[in-house]
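Notes to accompany the following structure.
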There are 2 protein chains.
Amino acid sequence: MLRPIFAEGRTYTVPPDADDAWVTRMWMLPPPARVVVAVRDGRVVGTAKTGPNQAGPGSHVATASFAVEAGEAGRGTGRALGEHVLALARADGYSAMQFNAVVATNTRAVALNAVVATNTRAVALWHSLGFATVGTVPDAFTLPDGTTTGLHVMHRYL
Amino acid sequence: MLRPIFAEGRTYTVPPDADDAWVTRMWMLPPPARVVVAVRDGRVVGTAKTGPNQAGPGSHVATASFAVEAGEAGRGTGRALGEHVLALARADGYSAMQFNAVVATNTRAVALNAVVATNTRAVALWHSLGFATVGTVPDAFTLPDGTTTGLHVMHRYL
């Protein structure tokens with residue numbers, strides 16, 4: 001489910017040709033991390049993982065990653081995963097959640113009336129779930145057409 | 001050299017009791033990362049590492065970490081390592097450098113006239129070497145006294 005999303009190269013800092021071993025190592029993290037799936041009609045259509053963002057003195061802040069199949073857009077699957085993961089992290093005692101690298105909307109693509117504004121839907125979802133953009137690292141993500149866009153650092157208290 | 005710095009618990013999101021295996025795995029990264037040391041009178045008194053901050057579409061941005069023995073403060077060792085690592089990353093073709101978790105000055109400690117304002121010297125050094133603070137994740141670092149301070153995300157183009 002994850003490989004086509006990574007292969008598209010628009011949402012994750014993962015090599016587009018990452019193989020199963022790479023994806024498994026990156027996503028199937030050991031405890032205390034948690035990995036969950038969203039199932040529709042008996043099929044996995046989305047997944048998320050959450051765990052400590054940093055070790056030691058930073059381990060009270062969680063991070064999380066989300067991926068939903070393209071066909072699920074607009075059906076509430078991302079929101080359901082987001083709400084579930086926030087509840088899990090809160091129950092696990094984390095005091096906040098931080099995203100390190102949320103691909104920003106490519107303002108140039110929007111200006112050119114591109115079909116898809118990169119990750120616009122995801123950023124809007126995180127805002128609606130209470131996340132604030134702490135800052136945006138400029139030009140930190142290379143899109144498939146070779147242009148760059150920013151990576152948001154997002155945060156909310158739990 | 002690194003373990004006493006991590007054990008102090010004031011500058012790195014590393015467990016204070018991290019053992020040699022943990023520290024080696026974290027610091028001695030394989031290529032394309034690079035690890036360097038600063039030597040004074042035949043003894044290692046500082047070290048730094050640099051490599052890609054993210055994979056795939058984020059791999060054009062480097063990150064780096066630095067550690068200098070307490071006795072080296074004010075002797076230019078941190079600056080020498082910083083300038084050297086910036087030159088290495090530039091030569092390796094990275095377009096920018098990003099720090100993900102620079103411990104912010106604890107404003108409460110300063111207000112209380114504490115002896116050491118956490119990491120103040122390091123933050124000032126990065127600013128003088130051209131880094132800007134993109135954002136600060138609030139309360140993301142727990143100091144040894146149980147209070148929290150922020151973690152800066154810092155960035156400069158190369």
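Numbers below:
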{"read-out": "Pair list, Cβ < 6 Å and 6+ apart or interchain, from region B:77-91 residues that are in contact (Cβ under 8 Å) with a residue 40 or more places away in the chain to residues that are among the small types (Gly, Ala, Ser) and surrounded by 15 or more Cβ atoms within 10 Å (Cβ to Cβ)", "value": "B:LEU81/B:ALA38; B:LEU81/B:GLY46; B:LEU81/B:ALA48; B:VAL85/B:ALA48; B:VAL85/B:ALA64; B:ALA89/B:ALA62"}
{"read-out": "Residue within region A:74-86 that is at pLDDT below 95 and among the basic types (Lys, Arg) present", "value": "yes"}
{"read-out": "Pick from region A:2-11, criterion buried (at least 16 other Cβ atoms within 10 Å of the Cβ) and touching a residue at least 24 places away in the same chain (Cβ under 8 Å), ranking: nearest to the other protein chains (Cβ to nearest Cβ)", "value": "A:GLY9"}
{"read-out": "Residue list for region B:103-118, restricted to those being modelled with pLDDT of 90 or more and open to solvent by 30 Å² or more (accessible area, probe 1.4 Å)", "value": "none"}
{"read-out": "Given (1) under 18 Å from the mean Cα position of the chain (by Cα); (2) closer than 22 Å to B:GLY135 by Cα, number of the condition B:SER59 does not satisfy", "value": "(1)"}
{"read-out": "Tabulated pairs, region B:119-135, first at negative phi, second open to solvent by 40 Å² or more (accessible area, probe 1.4 Å) and charged (D, E, K, R), C-beta under 8 angstrom, 6+ apart or interchain", "value": "B:LEU125/B:ARG79; B:SER128/B:ARG79; B:LEU129/B:ARG79; B:LEU129/B:GLU83; B:LEU129/B:ARG156; B:PHE131/B:ARG156; B:ALA132/B:ARG156"}
{"read-out": "Residue check, A:GLN98 within 14 Å of another protein chain (Cβ to nearest Cβ) and without any contact (Cβ under 8 Å) to a residue 24 or more places away in the chain", "value": "no"}
{"read-out": "Residue identified as in contact (Cβ under 8 Å) with a residue 12 or more places away in the chain, assigned to a helix (DSSP H, G or I) and under 17 Å from the mean Cα position of the chain (by Cα) among A:VAL14, A:VAL45, A:VAL23, A:VAL36", "value": "A:VAL23"}
{"read-out": "Residues located in region A:48-78, provided they are open to solvent by less than 30 Å² (accessible area, probe 1.4 Å), under 23 Å from A:THR120 (Cβ atoms) and in a helix (DSSP H, G or I)", "value": "A:GLU72, A:THR77, A:GLY78"}
{"read-out": "Hits in region B:12-56 (condition: among the hydroxyl-bearing types (Ser, Thr, Tyr) and within 14 Å of chain A (Cβ to nearest Cβ))", "value": "B:TYR12, B:THR13"}
{"read-out": "Region B:136-147, residues that are in a strand (DSSP E or B), touching a helix residue (DSSP H, G or I) at 6+ places or on another chain (Cβ under 9 Å) and hydroxyl-bearing (Ser, Thr, Tyr)", "value": "B:THR142"}
{"read-out": "When residues of region B:119-139 are limited to those that are aliphatic (A, V, I, L, M) and crowded, with 19+ Cβ neighbours inside 10 Å, the one nearest to the other protein chains (Cβ to nearest Cβ)", "value": "B:VAL134"}
{"read-out": "Among the candidates B:LEU29, B:LEU81, B:LEU86, residue that is within 26 Å of A:THR142 (Cα to Cα) and assigned to a helix (DSSP H, G or I)", "value": "B:LEU86"}
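The values are calculated or read from the model by the stated rules, or taken from the named source; none is laboratory data. Because the structure is predicted, anything quoted here is derived from the model rather than measured. Note: ideal-geometry Cβ built from the backbone for every residue, glycine included; neighbour counts use all protein chains shown. Side chains are part of the model used for accessible areas, which takes the heavy atoms of the whole protein and leaves out ligands, DNA and RNA. Shrake-Rupley method; radii C 1.70, N 1.55, O 1.52, S 1.80 Å.
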